[in-house]
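Trainee: Let me give you the structure first, and then I'll get to my questions.
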Amino acid sequence: MRYRIAFPVLALVVAGGCAGVDTTAPQIQQAPCVDSLPSRAGTFAMLIGCQQGVKVASTVQNDNEVTSPRSGALHVTKECSEYTRLAGGFCTITSSNLPDIPVGTRVVYQLASGATTVNTDVVLDPPGPSASSAFGHVFLDLVGKQGHGEFSGGTGRFKRLSANVQISWLGGKNWAWEGTYSFSGNASGGE
């Protein structure tokens, strides 16, 4: 992850140095050049260029963190072609505006659905190897095809997550979540 961020920034610094113009920000005037500066938990400032007493810094996230704003609107779609309506059944996220909830994340239902409602705890399980899971509860009226969900905490990057969503049917086996989310403390929960 560091390399994907550091190389483009390094290219900007080199290009700016050749042109005699700094193309990055922030600049810290008259600071000594050192290898790295401690910053807030989970990040550090990499020094990627020193010229005439001007230090250029860039903030880089640890490999195990996903950068997300502290709060905002949440827009998610999911498809439920593999949902069995039994405990352990799941739907799969097909779009998300929140990097912490990538496409391919499974929404795993802890209890079987009733005849006309789904009222159960759920776990968000991102794809790939991860120590992160979000915990929530959903209530869905299968007749009216609408409901709501609440997420509060979890493990890893979801430790400080809070979210509230309205659930609506999009047609076929597709559903939408529209709502808000926030992370208390750090921008993301961190691993």
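The values are calculated or read from the model by the stated rules, or taken from the named source; none is laboratory data. All values derive from a computational prediction rather than experimental measurement. Glycine also receives a Cβ, built like all others from the backbone with ideal geometry; neighbour counts cover every protein chain displayed.
Trainee: Would you be able to say whether some residue in the range 125-146 is in a loop (DSSP other than H, G, I, E, B), in contact (Cβ under 8 Å) with a residue 40 or more places away in the chain and farther than 20 Å from ALA73 by Cα?
Mentor: Within the range 125-146 (the criterion being in a loop (DSSP other than H, G, I, E, B), in contact (Cβ under 8 Å) with a residue 40 or more places away in the chain and farther than 20 Å from ALA73 by Cα), the answer is yes, since at least one residue qualifies.
Trainee: Given the structure, is GLY153 assigned to a loop (DSSP other than H, G, I, E, B), farther than 15 Å from CYS91 by Cα and in the same structural domain as GLY179 (by TED's automatic domain parsing)?
Mentor: no
Trainee: On to the next question. Out of the range 162-191, which residues are surrounded by 19 or more Cβ atoms within 10 Å (Cβ to Cβ) and either touching a helix residue (DSSP H, G or I) at 6+ places or on another chain (Cβ under 7 Å) or at pLDDT 95 or above (or both)?
Mentor: Hits for the range 162-191 are ALA163, VAL165, ILE167, TRP175, TRP177, TYR181, SER188, GLY189, GLY190.
Trainee: Could you please find all residues in the range 69-103 being more than 21 Å from ASN164 (Cβ to Cβ) and within 13 Å of the chain's Cα centre (by Cα)?
Mentor: VAL103
Trainee: In addition: Quick one: GLY156 ticks every box in (1) crowded, with 19+ Cβ neighbours inside 10 Å; (2) closer than 19 Å to GLY179 by Cβ bar one, so which box is it?
Mentor: The number of the failed condition is (2).
Trainee: So, VAL118, is that one of a type in the set (Val, Ile, Thr) and either within 20 Å of SER182 (Cα to Cα) or in contact with a helix residue (DSSP H, G or I) (Cβ under 9 Å, 6 or more places away or on another chain) (or both) or not?
Mentor: Answer is no for this residue.
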